[in-house]
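In what follows, a single structure is set out as C-alpha cells and then discussed.
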C-alpha cells in the first residue's frame with residue numbers, strides 16, 4: 001500500500017488489492033530488492049487480451065528498469081497464453097509511464113475523456129498487438 005499511495009493520486013483501496021490478488025483471472029507480479037517489495041503489476045486475463053490494471057514502482061527504485069521488467073513479464077505471459085493484445089489506460093499527465101509504454105511498442109488508440117474520477121483527467125488507452133509478432 002505504501003508504493004500505491006506514493007504512486008497514484010487516487011490509490012487503490014486495500015479491498016481492491018485483496019480482490020485482485022484472489023481473482024483467478026489476474027496475473028499478479030512483484031519485484032523485490034534485498035527482500036523488500038519495490039514494485040508490482042496486476043493484469044487481467046481476458047478472452048483475447050490482457051488488460052494491465054496497475055503497475056507501480058517505489059519512488060526510491062524508479063528509473064532502474066524495474067517497471068520494464070515487470071511489463072516484459074506480462075508480455076511474455078500474454079504471448080504464452082496466445083493473447084492478441086495487451087492494453088492499458090494511462091493518465092495524460094503521466095509522461096514517464098507513457099514513454100515506457102511507447103518504448104515497448106504500445107500505441108495510443110483512444111482517449112477516454114474525464115476517465116479518472118478524482119481529477120476528471122483524461123486517460124489515454126494504449127495497445128500493443130501481439131499476434132503476428134516475430135517470436
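Considering (1) touching a strand residue (DSSP E or B) at 6+ places or on another chain (Cβ under 8 Å); (2) surrounded by 12 or more Cβ atoms within 10 Å (Cβ to Cβ), the lone condition that residue 19 does not fulfil carries the number (1). A Cβ distance below 9 Å, combined with a sequence gap of six or more or placement on separate chains, defines the contacts here; from segment 13-31, residues that are at positive phi and in contact (Cβ under 8 Å) with a residue 24 or more places away in the chain reach no residue that is assigned to a helix (DSSP H, G or I) and surrounded by 14 or more Cβ atoms within 10 Å (Cβ to Cβ).
Give me the strands (runs of 3 or more DSSP E) completely within segment 22-135, filtered to those with at least 3 residues that are surrounded by 16 or more Cβ atoms within 10 Å (Cβ to Cβ) and touching a strand residue (DSSP E or B) at 6+ places or on another chain (Cβ under 8 Å), ordered by residue number.
Values: elements: 26-33, 36-45, 49-57, 85-91, 107-112, 123-129.
Here the list reads 26-33, 36-45, 49-57, 85-91, 123-129.
Within segment 67-80, not a single residue is over 10 Å from the mean Cα position of the chain (by Cα), under 21 Å from residue 5 (Cβ atoms) and touching a residue at least 12 places away in the same chain (Cβ under 8 Å).
Readers should treat all values here as calculations from the given coordinates under stated rules, not as data from a laboratory. Please read all numbers here as calculations on a predicted model, not as lab measurements. Heads up, the Cβs are rebuilt from the backbone with ideal geometry, glycines too, and the neighbour counts pull from every protein chain shown.
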